[in-house]
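The values are calculated or read from the model by the stated rules, or taken from the named source; none is laboratory data. Quick caveat, the model's predicted, so the values are computed rather than measured. Positions of Cβ are backbone-derived with ideal geometry, glycine not excepted, and every protein chain shown enters the neighbour counts.
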C-alpha cells in the first residue's frame, strides 16, 4: 500500500508503477475536460484535466463526493456523453458514440420492467444479432453463473433489489465486455445484500473463466473502494480533478478489520475532508467565509435537522470522534456524512483535524440551547459565515418593500453552477435562512421576503405556524397576508433540537413572556 | 398526480405543453396558414359535378341498425389504427429530432386548439374530390374527423412519455447497442404504453361524437349520408321518428359498453405490465376478458408464428443503424443547418399567412371578423355558464362518489361510458323538450353543449377525490374538521389539479359541440341560436369557405386566449402548489 500525491501533468497510468497492473490499456482518458453550458451561456467546469488508463487485469475505483463529476467521467468513458476537450479511446480508437467494448451496471439497475429476467439478459445479445439458440444458451450460462437460476421467467418487479442488480450484472456480463463499468452498483442495496453481492463479484473476478478483463467502479463508499480496487482515484469537487491516485496492495481476500485496511480507509478520509487545493503541496488558497462570494464558497447540502442531529450525537460521544466511526455508527456513507461535516465546519460549530471531528464551544452551545436561543446563534453564524445567506439578507435589506424574486439569485448562482446546483444552493440557503428567521420564502410566487418586523396590529398568525414564535431579537415571525408557506414551521417540526429543547425558560435570550 | 389510484383525462403531460410565451404569435399565424392551406387543397381538387350523387338513402328500419352500427364501429377502429400510426411517427420525430420538435410541438398545440368539427366542410369537399363519384370520399372524411379527435391527445401523451423516459433506460439502450427499430419496440413503445392506452381509450370515447356528426352532414347545400348509426339518428330526427331515435340510443349504449368491456378494459389491465415504477401498484385495473384470454392458449398459439416475423423485421431494419447519435458534430455545420431550417419554416408560415389574408379579403371581407368576435362572445358566455354550472353540480357529487371507494369503483366506468356516449344522439330528444316548453335555443344550447362536456368534470373530480390519501382523510375525521374547513383545506386543494384538467377538456369539448348544438333540426322544426357555432354551421351549409375559415380562426382565437389567460395559469398553480 502506498499513497503518492498526484501530479496532474502526467497520465496516471504512466506515473504509477504497480506490480499487478501490467496489462494492455483498454480505455485511456487523455486530458479530458467537461464543461456544461448554463442557460445564460457561461461555461461550468465539471471535470478538469482528467488522465487515467484502465488496464487489463485491474479493478479501478473512482471515489468522490457528490458534485465531483465521477458519474460524468464514467459516462464519458462509456461514450454516452462527449468530453468538451480531450479524448477517450477504446483500444486506441477515439470514441464517437457508445463505447463498443464495455458494458455498464447501473445504480438504479435500469432493467426493462416489461421484460422477464431472461429477456432482459438477452437484450444485448439480441442487439448484436446473435441467433436465438446461441442467445438462449449464453443467457442461461450467465444466469446460472450470477446465481439467478429459477428466476428466468420472473419480472423485475417481483425481485428484491439485490436480485435485480444480479440481473443487471448478468445482462452486462453476458455480452462478454472487455471492461465492466459500474456506476455505484451497490448503493441502492441494503448493507448486507451489498456486501454479499460485492463478495460474489470478487469471487467471479478471481475465477479463471471470467470473460471481462477490467472493472471500473464509481463509488462514494470508501470501504467499498478499498475492498475492491487495485487502484483508487480520488476526485475533488467543483470542478472534479484527480486529487490522489492510491495503489492498493493489500492482499486479497481483504479483511475489513485488518489494521492496514483501516489505515488506508483513514488515509482516504483525510484526503477527502482536506480543504481543496491542499493536496498539491502548495498552501491552500484561503477562502474567508466572511468576505467570500456565494460562488467562491458554496453551501454544503445539509439540512438544519441533520446538522443538529449529528452534533447532538457528537456531543453525547464526548464532543469529538473520528469520521469513519461516526459513519459506521450512523451507517452513513461519505455522501451522507460529509455535507453535514462541511456545514458544521462552515458555520463554526465543529473543527476537522484529519479524520477527527471536534465540537467547538459555540457548537456545543448551539446544540444545548433552547429553540429560540439556538435559532439566534444559528442566524448569527449563518449571516457571518454562509455567503449566500448573507447575500440574500443584504439584497432584501436594500429593497424598499423587502421582497426579492428568487430568480435574481438563481441567475447570479447560474454563473458558477449548473441550474440544478444553483437551485440546490438556493434551497439550502432558504432552509438555513428560514430556520434562523432571517428571511421568509413564498414558494408559490418564488419570492424571498424579510420577516415582517414587529407587527402588533397585524392579523393573528394562521393556525399551524404558531410554533414559530417571535424571537428575542424583536424580528417577528408572524406574517400576515397569507404569505407564509405551510412548511414555514420546518425548523420547529423537523429539527431534533426542538423536541429536546422544549420551553427551557430562563435561558439567555428567551423572550420575557416565555415560561416565567 | 397519483396515477395509480385515480387517473385524469387527459393524463398529465398532455396539457403540460412546452412554454410557448414567445411563440404565441407563431401559433396564431400557424393556425391561419394551416387552415388556408387545407382550404386551397380542397378547392383545387373540388369538382362540383362529382359531389351531386354521393351518399345513399339511410333507412330508419330497425333491421338495418346492426349493419349500420357495424359500419360505424369499423370506422372508429380504422381511425384508431391511423391515430396509432400517426402517434408513433409524429411523437418519435418530435422527441428524437431537435429541429423537428421546434415545429411539430407548436403545430400539435395548434391542431388541438382548432375546433375540428368546423372544418368538416373542407375535409369532406377535399375527400369527395379525391374519390369522385364514390362513397369512399365520404368514408375518408368521416374517418378523418374521428382521427382528429383521437390523435392529438395520444400524440402528446407519447411525446411526453418519450421525453420523460428514465435517463438510465436510455443509457442502457445505447450501451447495449440496440438498433433504432429494436429501441422503438423494446423501449419507446412499452414505456409510453400506459399513457397511450389510457388516452386512446378516452379519446376513442370522444370519437363517437365526431362519428355521429360526420356521418350525416350538409355541405354546400348537399346532404351527405353514410350508412352508419350516426346518420340513422340524423334521418330519424329529420323524420321526427322518436321510436327509431330511442332504439339507436340503446344500440349505441350497448356498443359503447361492449367496446369498453371487450377491448379497452383488457388493454388497460394488460398495459399495467409496462409501468416503469418497479413497485407493484396496490389496486391495479383488472379485466375479466383479459383473465379469460390469459387462461386460454389462443394468444400464445397466435403469437408463435409471429415470432420469426419479428426476428426477420429486426434483421431487415438493421441497416437503419443503432439508436445512437455521433458525440461530435461540427458546430458550424450545425449552426448553418439551424439557420437554413429557420428560414424555410419562417418563409412557409409567412407565405401561408399572406395568402390566407388575401383569400379572406377577397371572399369574405374583414368585416366578418368583428361580427364573428361578437358571436364568439355569445358562445363564450355559453361555455362559461356551462363550466360554472357543471362545476356547481358535479364537484360535490364527484367528491361524494370519489370519497367512497366502493361507489367509486362502480361509478367511474359508468361515468366513462356517459362521457363516451355521443351527446348528439340525444339532441333530437332534447329538441322535443325545448319545443314543448318553448325554450329558446339561445339558452337551450347550453344544455345541448353540456350533454357531452360535463362528464369530463365529473370524471376528473371522481379521480381526484379517489386519490386523496386515506391517512389525510382519517386525519380530517380525527380532528373533527367542520365540513366547511374540510372542504376548504383538504378536499378542494386535493381535487384541484384534476378539476383543472377536467375543466380544460370540458371547455374544449363545449366549443366543439357548439358547432352542432347551436343549430338543430327536428322534423319540420328548425331551431337556431345566436353564436359562432351557428355561424360556422350556416357557412358550411352554404358552402362559403371563407366564412368557415373566418369562423374557425376566431373560435381558435377564443380557445387559445382563454387557455393562455385562464387555464394555463390555473394548471401551473395546480402543478406547483396542489399536486399530491
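Structure data summary
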| read-out | value |
| --- | --- |
| Residue B:236 being at pLDDT 90 or above, within 30 Å of residue B:121 (Cβ to Cβ) and either more than 23 Å from the chain's Cα centre (by Cα) or not in a helix (DSSP H, G or I) (or both) | no |
| Single residue of B:463, B:419 found to be within 18 Å of residue B:253 (Cα to Cα), in a helix (DSSP H, G or I) and at pLDDT below 90 | B:419 |
| Options A:234, A:226, A:174: the member that is surrounded by 21 or more Cβ atoms within 10 Å (Cβ to Cβ), touching a helix residue (DSSP H, G or I) at 6+ places or on another chain (Cβ under 6 Å) and within 14 Å of chain B (Cβ to nearest Cβ) | A:174 |
| Any hit, the range B:216-225, residues being on the phi > 0 side of the Ramachandran plot and surrounded by fewer than 22 Cβ atoms within 10 Å (Cβ to Cβ) | yes |
| Some residue of the range A:376-397 being within 21 Å of residue A:316 (Cβ to Cβ), over 27 Å from the mean Cα position of the chain (by Cα) and either modelled with pLDDT of 90 or more or assigned to a helix (DSSP H, G or I) (or both) | yes |
| Output for the range A:345-364, where each listed residue is farther than 22 Å from residue A:225 by Cβ and assigned to a loop (DSSP other than H, G, I, E, B) | A:347, A:348, A:349, A:360 |
| Answer residue from the range A:93-112, given it is surrounded by fewer than 21 Cβ atoms within 10 Å (Cβ to Cβ) and touching a residue at least 40 places away in the same chain (Cβ under 8 Å) and is farthest from the other protein chains (Cβ to nearest Cβ) among those | A:101 |
| Meets criteria (assigned to a loop (DSSP other than H, G, I, E, B), within 30 Å of residue A:24 (Cα to Cα) and modelled with pLDDT under 90) for residue A:252 | yes |
| Flag if residue A:439 is more than 18 Å from the chain's Cα centre (by Cα), surrounded by 15 or more Cβ atoms within 10 Å (Cβ to Cβ) and away from chain B (no Cβ under 14 Å) | yes |
| Failed item, numbered, when residue A:87 is tested on (1) within 8 Å of chain B (Cβ to nearest Cβ); (2) more than 26 Å from the chain's Cα centre (by Cα); (3) more than 30 Å from residue A:160 (Cβ to Cβ) | (1) |
| Any chance residue B:136 is modelled with pLDDT under 90 and crowded, with 17+ Cβ neighbours inside 10 Å | no |
| Members of the range A:151-164 found to be within 12 Å of another protein chain (Cβ to nearest Cβ), within 29 Å of residue A:100 (Cα to Cα) and in a helix (DSSP H, G or I), listed by number | A:156, A:161, A:163, A:164 |
| Criterion violated by residue A:135 - all others in (1) buried (at least 19 other Cβ atoms within 10 Å of the Cβ); (2) over 20 Å from residue B:182 (Cα atoms) satisfied | (2) |
| Filtered residue count, the range A:345-369, keeping only those that are at pLDDT 90 or above and out of contact with any strand residue (DSSP E or B) (no Cβ under 8 Å at 6 or more places or on another chain) | 8 |
| Scan of the range B:391-437 for residues that are in contact (Cβ under 8 Å) with a residue 12 or more places away in the chain, within 17 Å of residue B:7 (Cβ to Cβ) and within 20 Å of the chain's Cα centre (by Cα), ordered by number | B:412, B:413, B:415, B:416, B:417, B:418, B:419, B:420 |
| Any hit, the range B:561-568, residues being under 23 Å from the mean Cα position of the chain (by Cα), surrounded by fewer than 17 Cβ atoms within 10 Å (Cβ to Cβ), within 14 Å of another protein chain (Cβ to nearest Cβ) and modelled with pLDDT of 85 or more | no |
| Test result for residue A:121, more than 8 Å from every other protein chain (Cβ to nearest Cβ), surrounded by 14 or more Cβ atoms within 10 Å (Cβ to Cβ) and in a loop (DSSP other than H, G, I, E, B) | no |
| Any helices (runs of 4 or more DSSP H) falling wholly within the range B:141-231 and containing at least 1 residues that are away from every other protein chain (no Cβ under 14 Å) | B:189-215 |
| Those helices (runs of 4 or more DSSP H) lying entirely in the range B:241-345 with at least 1 residues away from chain A (no Cβ under 14 Å) and at pLDDT 80 or above | B:242-259, B:265-271 |
| Residue list for the range A:31-53, filter: away from chain B (no Cβ under 14 Å) and in contact with a helix residue (DSSP H, G or I) (Cβ under 8 Å, 6 or more places away or on another chain) | A:38, A:40, A:42, A:46, A:47, A:50, A:51, A:52, A:53 |
| Hey, residue B:456 at pLDDT below 90, part of a helix (DSSP H, G or I), under 26 Å from the mean Cα position of the chain (by Cα) and more than 23 Å from residue B:509 (Cβ to Cβ) or not | no |
| Residue in the range B:402-416 that is under 14 Å from residue B:520 (Cα atoms) and buried (at least 16 other Cβ atoms within 10 Å of the Cβ) present | no |
| Residue under evaluation residue A:42, criteria (1) touching a residue at least 60 places away in the same chain (Cβ under 8 Å); (2) on the phi > 0 side of the Ramachandran plot, criterion not met | (2) |
| Where residue A:63 falls short, out of the listed (1) more than 19 Å from the chain's Cα centre (by Cα); (2) more than 14 Å from chain B (Cβ to nearest Cβ); (3) over 27 Å from residue A:412 (Cβ atoms) | (1) |
| Flag if residue B:550 is away from chain A (no Cβ under 14 Å), closer than 18 Å to residue B:509 by Cβ and part of a helix (DSSP H, G or I) | no |
| One residue from A:129, A:147 being without any contact (Cβ under 8 Å) to a residue 40 or more places away in the chain and over 28 Å from residue B:272 (Cβ atoms) | A:129 |
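Listed here are the residues, each with its yes/no results for (1) at pLDDT below 85; (2) in a helix (DSSP H, G or I).
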| site | (1), (2) |
| --- | --- |
| A:282 | yes, no |
| A:311 | no, yes |
| A:321 | no, no |
| A:343 | no, yes |
